[in-house]
Amino acid sequence: MGEFIKELESGEIQLRDKWQLELKSEFFQQPDVEKNTYTQEFFIFVPNSLNINKQTYTKDNFYQDQTNFIRFKTPVFSLDEINDNQNKQSPIFKILELSRESNCDESQHEIQDELKLLGNVVRSSLRRRVLLLIKIIKSDNFEQHHPHFHKEVELLNEQLACFRANYHKIRKAFFEKGQDCSLVIKQHILHVDEFISTYIDYFLSGLLKELRTRINDRDCESDNLLCTIIIAEAKHRSSLAVEPNHTEDDPEKNEFIFYRAGLLKKFVLDALLLNTSRSSPANRLNNVIGSFAAGIAMLVYFVLFIWQGTVFLINSEPFVLTTVVLYILKDRLKESLKTISYRVAFRWFSDFTTKIKSPDETRFLGKLKESFSFLSPEQLPKEIIETRNKEFHNILEDFQRPERVMYYKKNIQLKKRSRISKSRRYDLNMIFRFNIHRFIRKADNAYQNYLKLNPSTMDFTNFRLPKVYHVNIIMKNTYVDENGAKKSELKKFRLILDKNGIKRLENV
């Protein structure tokens with residue numbers, strides 16, 4: 001149940017599965033700030049026993065194990081604002097307005113986009129409402145707030161009924177057009193309907209399960225009302241003839257449920273996707289640095305070659321041997337200069353730069369710069385060292401922990417948002433995922449035998465104890481607020497790993 005609640009929240013590192021971490025971050029285009037700059041830094045402290053270092057874990061390995069998924073932040077609407085037929089920003093208002101046009105084909109793309117956007121804003125609004133209701137349930141004085149909670153559930157039921165009535169208007173408006181409305185639009189209406197119904201079922205089922213952890217009475221009004229909504233949505237999806245019954249004897253039908261849900265999510269999320277292009281400065285600098293190193297090495301070689309011509313007789317044995325030695329020195333000098341130049345140059349350049357544009361590529365929204373390296377203890381900022389040592393467990397408190405520090409930095413620069421823009425999509429969401437499967441290749445077995453002598457019987461008792469590793473992560477966020485003041489925050493997390501993957505994540 002804790003995983004469901006964490007899924008409703010953002011801004012904290014969460015577990016996606018036993019191999020992957022996930023962080024959802026929001027970045028805003030503030031209209032009063034010329035350049036919106038956000039920096040995220042990750043300091044990952046890995047025990048030496050896992051054998052993660054510069055030689056065993058390269059930059060390429062890191063970038064293969066991580067993913068940055070960038071999209072528009074879902075526009076914020078309450079359910080009442082979505083249902084308001086006079087709200088010109090509501091996708092429902094725009095879809096009904098477009099339905100009145102005589103020819104749907106001319107605005108087909110816009111209709112499809114608004115339908116998908118509607119699916120996203122309803123899901124986001126419902127997620128926020130359910131999270132607030134769960135916080136009421138988890139409050140210490142929930143018994144006193146229960147009447148207020150039930151009123152909120154009744155209000156949610158009324159809002160969902162109003163939304164259903166509005167969506168029925170949309171469906172009726174387009175389906176009554178017959179052949180004048182394309183089959184693609186009709187399919188979009190059905191797919192978005194199924195998507196929304198699935199998430200109403202999902203969020204309210206999670207809410208109901210959380211409610212039953214505090215109230216065992218199945219006859220309470222809130223429990224009954226939530227059950228009624230969930231069952232009604234299940235019947236609605238059955239009427240769409242898209243959801244098979246859950247059966248234990250037919251695994252193919254069961255796997256179809258999550259597979260289709262995943263496809264629907266990607267289908268609706270298309271309204272928020274951005275156009276991104278990622279490139280590495282190394283591709284541009286390789287030839288420049290190589291040419292520079294080759295030129296310097298050739299100059300040295302040529303000067304020495306001329307000099308030796310004044311010392312040795314041309315075509316003599318010493319002349320030939322010296323020429324060979326000079327050529328070897330020239331070749332080694334070129335490679336050394338390339339290596340040194342790379343190190344110096346890439347201190348000033350990021351590993352990758354991602355340009356972020358609107359889906360139609362008409363607007364440049366900003367760019368993301370990424371860099372990765374290993375840091376020595378001397379390179380760590382003082383505040384990071386203090387945070388690392390703070391609230392550490394009391395096992396060998398004074399022991400200097402043998403560990404490597406991985407450093408990953410993201411710099412996000414967004415353009416200033418125009419105040420006159422009527423767009424509902426401008427702020428960005430970034431989902432960062434990191435896979436730790438390479439970390440545990442050298443880990444010991446997840447469970448190991450431990451013998452203990454029983455002082456009463458003098459017999460040995462054999463225990464199987466877990467063998468775990470602690471990977472500490474410090475995240476630093478730095479940004480400039482709307483007043484131009486620079487602000488930063490630190491968060492600390494601890495991963496508990498074993499040979500089989502991630503056991504749990506602790507917020508320190």
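The residues of the chain expose on average 57 square angstrom of accessible surface per residue, using a 1.4 Å probe on protein heavy atoms. For VAL325 and SER373, the FRET efficiency from 1/(1 + (r/R0)^6), where r spans their Cβ atoms and R0 equals 51 Å, is about 0.90. Site pair GLU97 and TYR259 shows an inter-label distance of 4.1 nm when each label is modelled 7 Å from Cα along Cα→Cβ.
Take the Cα of LYS357, step 7 Å toward its Cβ, do the same at GLU154, and the gap between the two points is 5.4 nm. Overall, the chain carries a charge dipole of about 1780 debye about its Cα centre when +1 sits on the Cβ of Lys and Arg and -1 on the Cβ of Asp and Glu, all other atoms neutral. Charge dipole of segment 81-161 (Cα centre as origin; +1 on each Lys and Arg Cβ, -1 on each Asp and Glu Cβ, all else neutral): 440 debye, rounded to the nearest 20.
For the chain, the 222 nm mean residue ellipticity estimated from helices alone, with every DSSP H stretch of n ≥ 4 adding -39500 (n - 2.57) and the total spread over all residues, rounds to -15500 deg cm²/dmol. Across the cross-link table entries LYS94/LYS169; LYS135/LYS209; LYS24/LYS73; LYS265/LYS503; LYS35/LYS355; LYS73/LYS116, which are compared at the Cα atoms, the separations over 18 Å belong to LYS265/LYS503. Among the listed values (i) 22.6; (ii) 41.0; (iii) 25.3, the one matching mean projected area of the Cα convex hull in nm² as calculated from this structure is (ii).
Accessible area of CYS162 (1.4 Å probe, protein heavy atoms only, ligands and nucleic acids ignored): about 60 Å². If the chain linking ARG433 and SER279 were pulled fully straight, counting 0.36 nm for each residue of separation and taking away their Cα-Cα distance, it would gain 53.5 nm. Here the label points at LEU131 and ASN61, each 7 Å from Cα along the C-beta direction, are separated by 3.5 nm in the simple model. Just to verify a number: what accessible area does SER488 come out at with the full protein assembly present, 1.4 Å probe, Å² rounded to tens? Accessible area, nearest 10 Å²: 80 Å².
Rolling a 1.4 Å probe over the protein heavy atoms leaves LYS116 with an accessible area of roughly 20 Å². Full extension of the segment from ASP444 to LYS499, taken as 0.36 nm per residue of separation minus the current Cα-Cα distance, would add 19.2 nm.
Each of TYR479, PHE349, ALA173 was scored by the projection of its Cα onto the charge dipole of the chain, and the greatest displacement toward the positive side belongs to PHE349; charges sit on the C-beta of Lys, Arg, Asp and Glu.
To put it simply, the accessible area of segment 39-178 at a 1.4 Å probe is 48 percent carbon and sulfur.
The values are calculated or read from the model by the stated rules, or taken from the named source; none is laboratory data. Remember, it's a predicted structure, so these values are computed and weren't measured experimentally. Cβ sites come from the backbone with ideal geometry, for glycine too, and all protein chains shown count toward neighbours. Heavy atoms of the whole protein, side chains included, go into the accessibility calculation; ligands, DNA and RNA do not. Shrake-Rupley method; radii C 1.70, N 1.55, O 1.52, S 1.80 Å.
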